[in-house]
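For reference, the structure discussed in these notes is given below.
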Amino acid sequence: KKSRGYKYAETDNDDKLYRYANFCDVNCGQSWKEESQNDGYSYSSPVGKFLPNELGLCDMSGNVWEWCNDRYSKNYYQECANKGVVRNPQGPDKGSYRVGRSGSWNSSARHCRSAYRSGWNPDSRDYDVGFRLAHS
């Protein structure tokens, strides 16, 4: 299956995101919470509680930040695009920071996209960071 290029999982509409992702909504205690949405969870959610994305995959947005193997550099994707590399750049050859993607229950809705990248030291630990397992 090919992606239709939605901004979020199965939608471009921010108001429908709570159906696909666990993020900081009315249940969250942060100032950046989305008070107009309610995914039903104050913290992380059990597996399979949200609708699947366009590829049939559940739990790919929000809940916990996803650790990735890619090295992080703030402008790396733009630098690659300027060189004509547009398919899955892996990050710079050197650097200690790694990529985190897709937001968490403690982040704003705008972070709940695989295209949103953040960088952390691999020694970092936090209550809203983890990884995603694939199961068929």
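The values are calculated or read from the model by the stated rules, or taken from the named source; none is laboratory data. This one's a predicted model, so the numbers in the text were calculated from it and none came from an experiment. Methodologically, a virtual Cβ is constructed for each residue, glycine included, from the backbone with ideal geometry; neighbour enumeration extends over all protein chains shown. For accessibility, only protein heavy atoms count, side chains too; no ligands or nucleic acids. Shrake-Rupley method; radii C 1.70, N 1.55, O 1.52, S 1.80 Å.
Data table
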{"quantity": "Some residue of region 78-96 being of a type outside the set (S, T, N, Q), assigned to a loop (DSSP other than H, G, I, E, B), surrounded by 13 or more Cβ atoms within 10 Å (Cβ to Cβ) and under 16 Å from the mean Cα position of the chain (by Cα)", "calculated": "no"}
{"quantity": "Leading residue by the ranking (nearest to Ser108 (Cα to Cα)) among those in region 59-71 that are touching a Phe, Trp or Tyr at 6+ places or on another chain (Cβ under 7 Å) and open to solvent by 60 Å² or more (accessible area, probe 1.4 Å)", "calculated": "Trp67"}
{"quantity": "Test for Asn106: is it open to solvent by less than 60 Å² (accessible area, probe 1.4 Å), modelled with pLDDT of 90 or more and more than 30 Å from Gly40 (Cα to Cα)", "calculated": "no"}
{"quantity": "Residue in region 41-52 that is surrounded by fewer than 12 Cβ atoms within 10 Å (Cβ to Cβ) and either of a type in the set (S, T, N, Q) or in contact (Cβ under 8 Å) with a residue 24 or more places away in the chain (or both) present", "calculated": "no"}
{"quantity": "Pick from region 6-40, criterion part of a loop (DSSP other than H, G, I, E, B) and of a type in the set (D, E, K, R), ranking: least open to solvent (accessible area, probe 1.4 Å)", "calculated": "Asp39"}
{"quantity": "Cβ pairs under 7 Å, 6+ apart, first in region 59-82 and closer than 29 Å to Arg19 by Cα and among the hydroxyl-bearing types (Ser, Thr, Tyr), second modelled with pLDDT under 90 and outside any loop (DSSP other than H, G, I, E, B)", "calculated": "Ser61/Tyr8"}
{"quantity": "Scope region 53-68; condition small (Gly, Ala, Ser) and not in a loop (DSSP other than H, G, I, E, B); matching residues", "calculated": "Gly62"}
